[in-house]
1. Starting from region 233-246, take each residue that is within 14 Å of PRO210 (Cα to Cα) and list its partners that are assigned to a loop (DSSP other than H, G, I, E, B), counting only C-beta distances under 7 angstrom and pairs at least six apart or across chains.
2. Evaluate region 39-49: report whether one residue or more is among the β-branched types (Val, Ile, Thr), touching a Pro at 6+ places or on another chain (Cβ under 9 Å), closer than 24 Å to GLY113 by Cβ and touching a residue at least 12 places away in the same chain (Cβ under 8 Å).
3. Are any residues in region 129-142 at pLDDT 65 or above and either in contact with a Gly (Cβ under 7 Å, 6 or more places away or on another chain) or in a helix (DSSP H, G or I) (or both), and if so, which ones?
4. Pairs needed: first member in region 54-70, charged (D, E, K, R); second member anywhere, part of a loop (DSSP other than H, G, I, E, B); C-beta distance under 9 Å; at least 6 residues apart or different chains.
5. Report yes if some residue within region 3-21 is within 17 Å of SER103 (Cβ to Cβ) and either among the hydrophobic types (A, V, I, L, M, F, W, C) or modelled with pLDDT under 95 (or both); otherwise report no.
6. Every residue in region 22-39 that is modelled with pLDDT of 95 or more and not hydrophobic (A, V, I, L, M, F, W, C), please.
7. For region 43-54, state whether one or more residues are in a loop (DSSP other than H, G, I, E, B) and within 23 Å of GLY94 (Cβ to Cβ).
8. When the residues of region 81-117 are narrowed to those that are within 16 Å of SER127 (Cα to Cα) and among the hydroxyl-bearing types (Ser, Thr, Tyr), which ends up surrounded by the fewest Cβ atoms within 10 Å (Cβ to Cβ)?
Amino acid sequence: MHIKNLQKNIVILFVFLILIFSFSYVCAEDYFADIQITVDDTGVVDIDGITNHPDLLVENSNLYTYKKQSYWLINITKKEVFSDYIYILTLPKGAIVNHIKTSGFGGIEEESGKLIISGTGQNEELSIVVQYQIKSTLDEQRSFDFIILITLVLLIIILTIFLVYLVFKNKQKESNKSDVEIADKVDYSLKGLTDRQKEIVQLLINVKRPLTQVDIQNELKMPKAAVSRNVHSLEIKGLIEIEKVGMSNLIRLKKP
């Protein structure tokens with residue numbers, strides 16, 4: 001008798017569990033949706049239409065969108081099973097889709113410069129995940145990146161020019177310093193020199209820097225031919241050295 005009652009209770013419990021699961025399944029299948037989803041260029045979402053889902057329809061909401069840099073992501077996912085659903089998603093004008101993963105995907109078409117994604121399904125969860133960029137934003141990002149690149153290039157060029165200038169000035173200072181040291185330390189013998197040769201050597205000692213033939217000509221009021229001839233003689237005697245710089249000759253006292 002006791003065993004029969006136990007068997008009866010087990011059967012009743014089993015039937016009860018079947019009824020609960022069946023009821024849950026029927027309730028889960030009971031959601032439906034026929035919705036239109038609109039997203040503007042600021043990520044604001046409107047979902048309008050017919051549905052018995054309690055929190056699917058929204059107005060002026062940022063709940064379903066997220067932006068990272070120039071990328072937008074819209075994610076409308078409802079884990080409940082929909083017995084039947086239809087959706088039309090309209091993205092903002094100029095949108096470019098990078099990635100799409102939606103349940104019941106139907107296709108993408110363009111209308112008045114806007115992308116429209118549609119889908120339909122039965123007995124499954126509703127999931128709409130789309131990553132996109134807006135062309136105007138993308139162009140602005142590219143323009144900004146180009147400006148940054150040009151700015152960096154210009155800074156590198158300016159820095160390079162500045163460094164070259166510093167190196168040149170440093171070499172020029174070292175050259176002038178060398179000429180000063182030579183003029184200060186070396187006791188030049190003016191014996192055996194003509195008066196004009198002595199004047200040229202004395203001028204180089206006094207100014208303590210290289211001079212061109214034109215400089216010597218102007219300082220000493222000496223004819224051009226006389227300057228050229230005497231400079232050549234001083235070079236032969238080893239008292240001066242001549243450096244070719246462009247179209248001019250730099251004349252300096254020769255290092256000992």
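The values are calculated or read from the model by the stated rules, or taken from the named source; none is laboratory data. Keep in mind the model is a prediction, meaning the values are calculated, not measured. All Cβ positions, even for glycine, are placed from backbone atoms using ideal geometry, and neighbour counts span all protein chains on display.
1. LEU239/TYR188; LEU239/LYS254; ILE240/LYS254; GLU241/LYS254
2. Kept after step one, since they are among the β-branched types (Val, Ile, Thr), are these residues of region 39-49: 39, 42, 44-45, 47.
Still in the list and also touching a Pro at 6+ places or on another chain (Cβ under 9 Å): 39, 42.
Imposing the further condition that a residue be closer than 24 Å to GLY113 by Cβ reduces the set to 39, 42.
Next cut, touching a residue at least 12 places away in the same chain (Cβ under 8 Å) only: 39.
Within region 39-49 (the criterion being among the β-branched types (Val, Ile, Thr), touching a Pro at 6+ places or on another chain (Cβ under 9 Å), closer than 24 Å to GLY113 by Cβ and touching a residue at least 12 places away in the same chain (Cβ under 8 Å)), the answer is yes, since at least one residue qualifies.
3. Here is the first cut: in region 129-142, the ones at pLDDT 65 or above are 129-136.
Answer for region 129-142, where residues must be at pLDDT 65 or above and either in contact with a Gly (Cβ under 7 Å, 6 or more places away or on another chain) or in a helix (DSSP H, G or I) (or both): ILE134, LYS135, SER136.
4. What qualifies is LYS67/GLY43.
5. No, that holds for no residue.
6. ASP34, GLN36, THR38
7. So in region 43-54, the residues in a loop (DSSP other than H, G, I, E, B) come out as 43-44, 52-54.
Of the ones still in play, those that are also within 23 Å of GLY94 (Cβ to Cβ) are 43-44.
Yes: one or more hits.
8. In this case the residue turns out to be SER83.
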